[in-house]
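One structure is given below, encoded as structure tokens.
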Amino acid sequence: MSGHGGNITRLAEKLGCKAAEILDFSANINPLGPPAFLRRLINTHIPDLVHYPDPDCRQLVVDIAQSFNLTPQQIIVGNGTSELLFHLPSVLQPRRAIIPAPAYIDYALACQRAEIPTRFFPLAPEQLFKPDLRQLELELRPGDLVILGQPNNPTGQMNDRAELIELAQRNPDVFFLIDEAFAGFVPSYASLAGSADNLLVLYSLTKIFAIPGLRLGFLAATPESCNRLQLARAPWNVNTLAQVVGSACLHDKKYLEVSRLVVTKERQRLLDDLGRLPSLHPLPSIANFICIRCDHHKYDGTRLADKLLNHHHIAIRPCENYQNLDQRYFRIAVRLEAENKKIVQALRTILHPPAKQNRSRPIRKKPALMLLGTGSDVGKSILVAALGRILLQDGCRVAPFKAQNMSLNSYVTRDGGEMGRAQVVQAQACRLDPDVRMNPILLKPNSDVGSQVIVNGRPVGNMKVREYVAYKKQIWQQACRAYDSLAGEHAVMLLEGAGSPGEVNLKSHDIVNTKMARYAGAKALLVGDIDRGGVYASFIGHVEVMEPWERDLLAGFVVNRFRGDASLLDDAHKYVSAHTSKPVLGVLPYIHDLGLPQEDSVSFKAGLFTGLRPETAHIEVVLIDTPHISNFTDIEPLLTEPDVFVRIIDRPENFGHPDAIILPGSKNVAADLGFIRKSGLDKSIARAAGKGVEIVGICGGFQMLGHRINDPHGLEGGPGSSCIGLGLLDMVTELAPFKTLTRKKGRHLHSGCPVHGYEIHHGISLCEGEFLLAFDDGTGCGYATADGHWGSYLHGIFDSDDFRRWWINRLRRKTGLKSYTGVGAVYDLEPALDRLADKVRDHLDMDAIYQLLSL
């Protein structure tokens, strides 16, 4: 390998791979990638490409002048500093060039093309190749041109700023060209631009801002030198996009600050790691690269470069074509921590392979795939469940994971931990016991601006939005530990995002979408719901607001809930692929009567739980929809019954004539009781109860049926507050500071039917009379009235097929119908999961999925 670093296209051709498959340490570019605004800014100015660019780059020159405390007359902008470098020797016409070596190879080439004699001033290895400016001065003659890197490329050494200025001032008849191509990476560095009339400064904007493809830099010199150089160049040499991007970059001070901090930290870490390899001798560096001497008996820098490229797809820069260096030397860029670890591990493997009997595979992340969504309720939870079942059917040990879930549908695990219901369904798809590690952070909204926060299955308190955003910094590591622990027990991980990764107001503190995917080393698919409309615009829009590293994670798109002939979408898929360079990997059909619990309350609020009224004799059940409804999936088993029609209402005028009314769980009972009274639903419920309509309360709804709910600790209202219940049960509830989280199994005493489920509540409810339910552990729960109203804390009571049918038949008899003698529904998710897996397997490119998982 010779010439410059960074020629990834040529290296990819040599290897027969894609350029993206090469980890490039040969080019010294900001490892953070371009500023986040780059894509948006370029798109905004594409219409300007119908016009010629400003030949004088006037706005950019003004911005450079302000940033570097210069006058516009002292600046000339170039199509990269290389353009300016190759013009300068011809314009200045020095008698000869003095180049301290090693140095950037194009210094000598530019002088050679201008037929300027060149003398190399060798730098001493024992002095770490740092120039002795006093010794250099002895070599100078009037009319010379001295070219110095500040910092030097490839050594990363810096000259003392004051000494350089004094050197220039003592030798006014010598030109000093200072190349500050990498000075942007040096903390607190003050440019030499404008320090002396005979001192010219080249400054590259492409390295520090990671835009080498745009080509942009400038020269700071006297107005006379700038005018002479301008006359030597062709017009319109800097394109429109480069000019507007350059101006925007100069104003992004935060990006520069973060870049310097990251590079400084990672450079030191990399120097330390390289220094532990006996054959390698890295030079101290102040830049974003490190020059290394390799004294290995078998490998020099050139051979090492070939080995790294051919066996590890890692590109480095051999330095054998640098004057005053030999084949032992090579240079590597400073990249981000994970990438730096890869090159250190690769170097260790090549130079110091462990004995065969002790050889172990390097630790790597488990194969993982993340499902992101264009919004909530687009189907990502269901798709994770489907892929979990598919991978299980294909023999993989797979587990689901969602770092943070906001849901009022929760579930209690065997060990008493609380987690999101969606991850419970996903666990069942993978035939695993629900585990809080699958959903380490659960948010249960209890107001418009706050939620109860549950971490690793246990509540840690109620927080408002700002409090939780600050708290995220603490729980991020807990989410990572949960992921690592769970991944350590399974072969494949399926991750689910939350909401949308395109929510720009949340991205800075994201812990569940692309940040989690990057931590897991997972590629991502973006799922969109075409039934809502606008899915392709949403795909493209998401890509546009993603940062470069996020786009690298994104592997493609999945269109969900399509009704019709998928071939009609081919043109749209070609358009999306051309615009984003990402494929559409599947079109999933709209699946009616899926038979699986919904992700969250979105579908519930949209009325998707209400099915068609049965044509045969049936009972009608009304569910009261409240603002803080929770665990509404308690009613889902009723939806499977052929003789039950469920309606969901939130206003009296829709009340109708139900045979039973269910008050569901609530995350804020006091607030939901207030809603029921304000809306007038309390009067409708009371009238229905007086007519013999059965009123049922589950958990929070159970508390509402009593006379009073006391809140001495202020869990839902002010400390010492209380609220009046509906008075249908002779019961008083007191909210306790501890939270009951337990799974229960027992029987319904009146019917003798077995029941099972779980309790999640803060309340202790007291009532005269026997319990409604008797549990196997000797405890009991729930109460009933003589006229049939009843309630309990047991979530999932309707999951029990025998009890559910007994209750439905009792309602049938009350309404004058005979007991149903046909085949009742069996509430079993297994057939639904298998049916879902079959549908998804038929319509998703599973070969591509397996490639993304490297399986």
Within the stretch 142-152, the residues that are in contact with a helix residue (DSSP H, G or I) (Cβ under 9 Å, 6 or more places away or on another chain) and of a type in the set (S, T, N, Q) are Gln150
Any idea which of Thr640, Thr633 is open to solvent by 30 Å² or more (accessible area, probe 1.4 Å) and either charged (D, E, K, R) or under 18 Å from Asp799 (Cβ atoms) (or both)?
Thr640
Apart from one, (1) surrounded by fewer than 21 Cβ atoms within 10 Å (Cβ to Cβ); (2) modelled with pLDDT of 95 or more; (3) in a helix (DSSP H, G or I); (4) not polar (S, T, N, Q) all hold for Asp173; the odd one out is (3)
Residue among Ser381, Ser407, Ser376 that alone is closer than 19 Å to Glu830 by Cα and among the hydroxyl-bearing types (Ser, Thr, Tyr)
Ser381
Within the stretch 211-218, identify whether any single residue is outside any loop (DSSP other than H, G, I, E, B) and surrounded by 19 or more Cβ atoms within 10 Å (Cβ to Cβ), and answer yes or no.
yes
So, of the residues in the stretch 423-442 that are within 18 Å of Ile511 (Cα to Cα) and in a helix (DSSP H, G or I), which turns out to be most open to solvent (accessible area, probe 1.4 Å)?
Arg437
Quick check on the stretch 105-150: of everything there that is polar (S, T, N, Q) and more than 25 Å from Tyr203 (Cβ to Cβ), which residue is surrounded by the most Cβ atoms within 10 Å (Cβ to Cβ)?
Gln135
Pick from the stretch 295-348 the residues that are without any contact (Cβ under 8 Å) to a residue 24 or more places away in the chain and within 21 Å of Leu270 (Cβ to Cβ): which of them is nearest to the chain's Cα centre (by Cα)?
Ala338
Filtered residues of the stretch 733-766 (kept if modelled with pLDDT of 90 or more and either over 27 Å from Arg421 (Cα atoms) or of a type in the set (D, E, K, R) (or both)):
Glu734, Lys744, Lys745, Arg747, Leu749, His750, Ser751, Gly752, Glu759, Leu766
If Asp552 satisfies every condition in (1) modelled with pLDDT of 95 or more; (2) closer than 30 Å to Asn43 by Cβ but one, which is the exception?
(1)
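One line per residue, one yes/no per condition, for (1) in contact (Cβ under 8 Å) with a residue 60 or more places away in the chain; (2) touching a helix residue (DSSP H, G or I) at 6+ places or on another chain (Cβ under 7 Å); (3) more than 26 Å from Val840 (Cβ to Cβ); (4) basic (Lys, Arg):
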residue	(1), (2), (3), (4)
Lys473	no, no, yes, yes
Gln478	no, no, yes, no
Val492	yes, yes, no, no
Lys515	no, no, yes, yes
(1) in contact (Cβ under 8 Å) with a residue 40 or more places away in the chain; (2) of a type outside the set (A, V, I, L, M); (3) surrounded by fewer than 21 Cβ atoms within 10 Å (Cβ to Cβ); (4) out of contact with any His (no Cβ under 9 Å at 6 or more places or on another chain) all hold for Pro445 apart from (4)
Leading residue by the ranking (most open to solvent (accessible area, probe 1.4 Å)) among those in the stretch 654-677 that are at pLDDT 95 or above and over 20 Å from Met731 (Cα atoms):
Phe675
Residues that are crowded, with 22+ Cβ neighbours inside 10 Å and over 28 Å from Gly420 (Cβ atoms): does the stretch 773-782 have at least one?
no
Exception for Gly752 within (1) free of Cβ contacts under 8 Å to residues at least 40 places away in the same chain; (2) assigned to a strand (DSSP E or B); (3) not charged (D, E, K, R) falls at (2)
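The values are calculated or read from the model by the stated rules, or taken from the named source; none is laboratory data. What you are looking at is a predicted structure, and each value in this text was computed from that prediction instead of being measured. Positions of Cβ are backbone-derived with ideal geometry, glycine not excepted, and every protein chain shown enters the neighbour counts. Heads up: the accessible areas ignore ligands, DNA and RNA and are worked out on the full protein's heavy atoms, side chains in. Shrake-Rupley method; radii C 1.70, N 1.55, O 1.52, S 1.80 Å.
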